[in-house]
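Here is the structure we will look at.
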Amino acid sequence: MVDLKLAVLISGRGSNLQALIDACSRGDFPAGIVLVISNKPDAQGLARARTAKIPALTIDRRDHGDREAFDEALSQTISAHDADLVCLAGFMAILGNKFVARWRGRLINIHPSLLPAYPGLDTHARAIAAGESTAGCTVHHVTAEVDSGPIILQETVPVEPDDTEETLGLRVLAVEHRLYPQAVRLIAEEGSKRPAL
Ligand code: GRF
């Protein structure tokens, strides 16, 4: 198996980051986190990374002239830490086409809906309003269009009749925490099957 070096990009709470930290701390997990980047200086996830002794830094869009300069700073920092796979985990900045093209195939995201249904924000509220009986989450490759790249893993949860956005969100989040590490494992195991070039 290949030990994948992960860069995890966050903007807030970082519970999916925590799930990846916990998975990587298990001896048999084929990946390790080399870097956490937040675009928000006050993201709770930064403290989680520091507690786990993982290099954690902020790259704030406001410190960079335009989006391209911001993307370039991200790319350079990720490359400097020699990461193999970039995991977006609640990263709320939209990445430009150049960044996406540069990391294509090595850039994944977790989204709290059964894509292609409900891309974007407020997924749980929209699923409840539409009367869905099933919701879930998706880990997917990132492509130029938001929340639309090839799906790596997906898992469903039921929508209960009395669900609110919060109760459904918590049910989905519990599955996210299992699914994201599972997807990273899958990518690492796939990589190990490829012949060395
Ligand atoms: C998760 O629901 C994830 O699917 C979405 O943003 C949320 C991030 O939560 N992309 P957390 O910061 O990982 O707790």
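The values are calculated or read from the model by the stated rules, or taken from the named source; none is laboratory data. All figures in this text were calculated on a predicted structure; none of them were measured in a lab. Here the Cβ positions follow ideal geometry from the backbone for every residue, glycine too, while neighbour counts run over all protein chains shown. Side chains are part of the model used for accessible areas, which takes the heavy atoms of the whole protein and leaves out ligands, DNA and RNA. Shrake-Rupley method; radii C 1.70, N 1.55, O 1.52, S 1.80 Å.
Worth a mention:
- Qualifying residue in segment 89-99 (condition: over 18 Å from Ile10 (Cβ atoms) and β-branched (Val, Ile, Thr)): no
- Only one of the numbered conditions (1) farther than 19 Å from Arg178 by Cα; (2) open to solvent by less than 20 Å² (accessible area, probe 1.4 Å); (3) within 12 Å of the ligand (Cβ to nearest atom) is violated by Gly14, and that is (1).
- Residues in segment 152-189 that are of a type in the set (Asp, Glu) and closer than 13 Å to Cys137 by Cβ: 2 in all.
- Residues of segment 17-33 that are away from the ligand (no atom under 14 Å from the Cβ) and polar (S, T, N, Q): Ser25 alone.
- Being over 23 Å from Ile33 (Cα atoms), among the charged types (D, E, K, R), open to solvent by less than 60 Å² (accessible area, probe 1.4 Å) and under 17 Å from the mean Cα position of the chain (by Cα) is a property that Asp163 lacks.
- Annotation: of all residues in segment 169-181 being in contact (Cβ under 8 Å) with a residue 40 or more places away in the chain and more than 11 Å from the ligand (Cβ to nearest atom), the one that is farthest from Arg126 (Cα to Cα) is Pro181.
- Pick from segment 67-103, criterion of a type in the set (D, E, K, R) and in contact with a strand residue (DSSP E or B) (Cβ under 7 Å, 6 or more places away or on another chain), ranking: farthest from Pro119 (Cα to Cα): Asp82
- When segment 102-119 is filtered for residues that are closer than 13 Å to Ile151 by Cα and outside any loop (DSSP other than H, G, I, E, B), the ones remaining, listed by number, are Leu107, Ile108, Asn109, Ile110, His111.
- For Val36, the criteria (1) within 12 Å of the ligand (Cβ to nearest atom); (2) outside any strand (DSSP E or B); (3) β-branched (Val, Ile, Thr) hold in every case but one, which is (2).
- Filtered residues of segment 25-67 (kept if open to solvent by 30 Å² or more (accessible area, probe 1.4 Å) and touching a Pro at 6+ places or on another chain (Cβ under 8 Å)): Val34, Thr58
- Unmet requirement for Thr143, which otherwise passes all of (1) among the hydroxyl-bearing types (Ser, Thr, Tyr); (2) in a loop (DSSP other than H, G, I, E, B); (3) in contact with a Ser or Thr (Cβ under 7 Å, 6 or more places away or on another chain): (3)
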